[in-house]
Each structure stands twice: as C-alpha cells, then as structure tokens.
Amino acid sequence: MSLAFSQSATAKILGIAALALLLLIPLAQVEQLVSERNARANDAAIQIAQRWGAAQQVGGPVLTVPVRRTVMRDDRAITVEETGYLLPDRVSFHARLAPELRSYGMYSSVVYLTQLRVEGRFDEADFALLGTSDGTPQWERARLLVPINDVHGIRSASPLKIGTRDLAFAPSDGKVGELATIAAPLAWPPAGVVDGKLPFSFELSVAGSERLAMLPLARTTEAHVEGAWPDPGFDGAFLPAARQVDASGFSADWQVLDLNRSIAQHWRQSESSGLAMSVSDFGVSLTRPASPYQRNTRAGKYGMLFIAMVFAAFFLFEVLRGLRVHPVQYLLIGAALCTFYVMLLALSEQIGFAIAYAAAALASVMLIGIYASAILRQRRAGLGLGALIAFVYALLYGLVSSEDYALLMGATALLAAVAALMVLTRKVDWYAMGNRNEALPPR
C-alpha cells in the first residue's frame, strides 16, 4: 500500500508542494538581504544629508519679546520673565530648487540648493498682543527669529530688511517650536511702518536633501516653488492650489490661512509646550522612481507564485508526456529560480533594475532550459519550458513595474494559470498514473 501510494499522483503532488515550501527558506534569506542592502542605502543617504544639508523646513520671521510680569509666590510678589511670540500678518515664499544626485560609495541621494526669497509684513496693531494688563514687553530686547530645520545647510543669507532698516542675521540659541533658528535683533520702535504695516524681506541660499517644506507662520502664507525635477511629490498638511509638472521640471503654488492651521497667531513660552510646527508644514519632495530595493522586494513577494508556476509546468510535462522528474531535479530547478533573485539584487545595484532584470532573467531561462532539455531528453521540451519561463519572467516584470494594476495583473495571471492546468489535465486519469509510473523505467 505504501509503495503504491509513493507512486501515485497524490504523493507526487504532495512532494512537489513540500519542495516548493522548502524553497521559502532561501526566498526569506533573499528578502532579508534586500532589507540589509536597503538599510545600507538609507545610511548612505543620512551620511550625505549630514554633510550637505537635511530635509529643510523654513518659516517666515517670528517676532519674540521678553515679557515681565509680577506673580505672587509664598505671599510675596516676584517678577518673572518669559518670551512672547508674534507671527506676521502675511508671508510669501519664492523658491527655485536646483536638484542633483550626490553619491556615497555606490549609493546616491537627491540633494538640492535653493534660492529662497521671503517677503511679508507685520501688522502694527498686533504688537499690542504681546503686552497684557499683567505683563510688560521688553521691547529693547526684541528679536526676529527665522526657523529653519538644519542651519548647517545655510550657504548665504542677505540682511533682513524690515521697514527702512537692514538687520544682519546671527546664530541663535532660541527655537520656534522644535525648530532651530537664526536671529536678527530688532531696534525698537521699528522704522518704516506704512499704513500700519511693517514690511520685511530677505533671501537665503539653503542646501537640503530630498524635501523642502514651508511653515504657515502668518495669517496668510503664500508660496511658489519651482525646480528642474520631473518627479516631485507634493506633501505635508496642504496640497498646492495650482501646479504644473512636465519632463523639464515643476512649479507649484500654495495659499494657507491662519484658519487652516493649528498654530495661534501669538503665544507665550509657557504655552509652547508640545507646539509641533512640522504637522502644519507643506512642500515638495524630490521623489525618485521606485528604488532597486523596492522593486526587488516586490519581485520577492511573487517568488512563491513564480516557483509554483514553474513546478506546475514541469509536472505537466510529466503527466502529458509520460516522463519522470526526480524530486532532486525539482530542487535544483528551484535553487536556480532562487538564484535569480540574488543575481537581480546584485546587478540592480550596479546597472539599474531594468537591465539587471533582463540579464538575470536571461541567465535563469538559459540555465533551466538547457537543464530541462537534458533531464527530459527532449530539446523541444527544454525550449518550450524555457519559453514558458521567459513568459513568466516577463509577467513578473509587469507586476513589479506596475503599481496601480499589479494586483489585477497578478490575479488575472493566477486565474489563467489555474484555467490552463484544468484544461490541459481534463482528460488525465489520475488513478491510473501510479500504475503508469510503475511501468516506466527508473531514470
């Protein structure tokens, strides 16, 4: 009974399924290798950002003034001081990005240099918001703080022109929310107020990596960003009101009101605990087409399906041609299929994913096709299996390359494969296969 079962189609199918499951182990190792290489690429991007400039967040100038007030503690009056913050009435940004690729070893990352012009105005009526009945602003110590995420990336800064004065920027130990700043002392009272408005403007040359974001630190914030990058990603809390993207670059415009954000127009230092500026930023990311590691990960997700389809093709030859393929031969074929993923990863880091995929697939098809011709003792059978595997590789490339239709393509391919198996084996007498296998000479 046991001998008859071992020769049956059921035992053969179960054995092939067990081998396919066994190949999950090397597939998992390949996936771990992809993750490791991806982590190294991310580390390289961090190294580049540390030397060039990180992803940048920039805001307009924030007026800060120490405010003194008297409080009662232990039945006696003491004077305490905390900083008051006031946002402008209006700010507009104009940024032109000059992106490029910087390399660290064999890895690369997108960086940029941007010429940023900031203009706006304070409303003179808002200055009274910093003083209350129980506090006295120390106007002689007023400063303008410009928040910027990574001051290391500042290449140059023009004087801050406010009213009729030009103020030089200096390093600052103050922060706006969680962001570092550069500062300019503001002589009080400010000169150049026109119709109750105090205008300001300045320019920055800033280096950054992958993303530039603006902060809506005004009642009305407007921004125009343009650059020579064909794959921008507009992200953050607000999408652009208008945008244009083509092969030569992009441009985008935003308008954000104080009603749209969660940041107050003025606040005190004691009220700034937990104030997160980043949740309200908006801007553009210089995205790149799916990295080789993302595509390798996608390809690996279909590895089991790919192996199952190739094993099914070999099993069909056994059933329809009356041939016998040993489990060890199935295992070697599976090893060749797993090696494809290692070759794909290694080549894609050097020559790009598309060419690497073609080279690795061609090597795998030739290897399995020649081997199939030998074990099946039929050159036509080997050529047919090679052609079938080449088709499956082409299908897999479509699945990897398509983001929107990958699931639909995969489901359709799976349904077609199952249908083909059902049609081709519809007249097979599975009960008779064991007897037929017993009659076949051993290989």
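I'd like the full set of residues that are more than 26 Å from residue 265 (Cβ to Cβ) and not acidic (Asp, Glu), limited to region 207-233.
If the condition is that a residue be more than 26 Å from residue 265 (Cβ to Cβ) and not acidic (Asp, Glu), then 207, 208, 209, 211, 227, 228, 229, 230, 232, 233 are the ones that fit.
Would a scan of region 133-144 turn up a residue that is in contact (Cβ under 8 Å) with a residue 24 or more places away in the chain and within 26 Å of residue 53 (Cα to Cα)?
yes
Go over the candidates 312, 390 one by one and state the one that is in the same structural domain as residue 17 (by TED's automatic domain parsing), at pLDDT 80 or above and under 30 Å from residue 32 (Cβ atoms).
The unique qualifying residue is 390.
For residue 77, indicate whether it is outside any strand (DSSP E or B) and of a type in the set (Gly, Ala, Ser).
No; evaluated as a whole, the condition is false for this residue.
Mind checking whether some residue in region 225-239 is modelled with pLDDT under 90 and under 21 Å from residue 180 (Cβ atoms)?
Yes, region 225-239 contains at least one residue that is modelled with pLDDT under 90 and under 21 Å from residue 180 (Cβ atoms).
Exactly one condition in (1) at pLDDT 85 or above; (2) touching a helix residue (DSSP H, G or I) at 6+ places or on another chain (Cβ under 8 Å) is false for residue 199; which is it?
Unmet for residue 199, out of (1) at pLDDT 85 or above; (2) touching a helix residue (DSSP H, G or I) at 6+ places or on another chain (Cβ under 8 Å): (2).
Please state which one of 295, 211, 261 is of a type in the set (D, E, K, R), out of contact with any Lys or Arg (no Cβ under 7 Å at 6 or more places or on another chain) and modelled with pLDDT of 85 or more.
211
Out of 211, 219, which single residue is surrounded by fewer than 21 Cβ atoms within 10 Å (Cβ to Cβ) and within 35 Å of the chain's Cα centre (by Cα)?
The conditions single out 219.
Exactly one condition in (1) at pLDDT 90 or above; (2) hydroxyl-bearing (Ser, Thr, Tyr); (3) touching a Lys or Arg at 6+ places or on another chain (Cβ under 7 Å) is not met by residue 136; state its number.
Condition not satisfied by residue 136: (1).
Which is hydrophobic (A, V, I, L, M, F, W, C), under 23 Å from the mean Cα position of the chain (by Cα) and at pLDDT below 80, of 406, 417, 346?
Going through 406, 417, 346 in turn, just one is hydrophobic (A, V, I, L, M, F, W, C), under 23 Å from the mean Cα position of the chain (by Cα) and at pLDDT below 80: 406.
So residue 69 ticks every box in (1) surrounded by 14 or more Cβ atoms within 10 Å (Cβ to Cβ); (2) farther than 30 Å from residue 159 by Cα; (3) not assigned by TED's automatic domain parsing to the domain that holds residue 228 but one. Which box is left unticked?
So residue 69 meets the others, but not (3).
Does residue 120 count as in contact (Cβ under 8 Å) with a residue 60 or more places away in the chain, closer than 29 Å to residue 40 by Cβ and either in the same structural domain as residue 195 (by TED's automatic domain parsing) or crowded, with 20+ Cβ neighbours inside 10 Å (or both)?
So residue 120 fails the test.
Can you find even one residue in region 184-205 that is assigned by TED's automatic domain parsing to the domain that holds residue 93, closer than 30 Å to residue 246 by Cα, of a type in the set (Ser, Thr, Tyr) and surrounded by 16 or more Cβ atoms within 10 Å (Cβ to Cβ)?
no
What single numbered condition from (1) modelled with pLDDT under 90; (2) not aliphatic (A, V, I, L, M); (3) not in a strand (DSSP E or B) fails to hold for residue 88?
Of the numbered conditions (1) modelled with pLDDT under 90; (2) not aliphatic (A, V, I, L, M); (3) not in a strand (DSSP E or B), the odd one out for residue 88 is (1).
Spot the failing condition for residue 302; the list is (1) modelled with pLDDT under 75; (2) at positive phi, and only one is missed.
(2)
Does any residue of region 220-232 turn out to be farther than 19 Å from residue 88 by Cα, of a type in the set (Ser, Thr, Tyr) and touching a residue at least 60 places away in the same chain (Cβ under 8 Å)?
Checking region 220-232: not a single residue is farther than 19 Å from residue 88 by Cα, of a type in the set (Ser, Thr, Tyr) and touching a residue at least 60 places away in the same chain (Cβ under 8 Å).
Name the single residue, out of those in region 163-180 being touching a residue at least 40 places away in the same chain (Cβ under 8 Å) and in a strand (DSSP E or B), that is surrounded by the fewest Cβ atoms within 10 Å (Cβ to Cβ).
So the residue we want is 174.
Consider only pairs whose beta carbons are under 7 Å apart and that are at least six residues apart or on different chains; among these, list those whose first residue lies in region 16-43 and is more than 16 Å from residue 312 (Cβ to Cβ) and whose second residue is in a helix (DSSP H, G or I) and of a type in the set (Phe, Trp, Tyr).
Within 7 Å, the pairs are 30/341; 34/293; 37/293; 38/293; 41/293.
The values are calculated or read from the model by the stated rules, or taken from the named source; none is laboratory data. Keep in mind it's a predicted model, so treat the numbers as computed, not measured. Please note: Cβ atoms are built from the backbone with ideal geometry, for glycine as well, and neighbour counts cover all protein chains shown.
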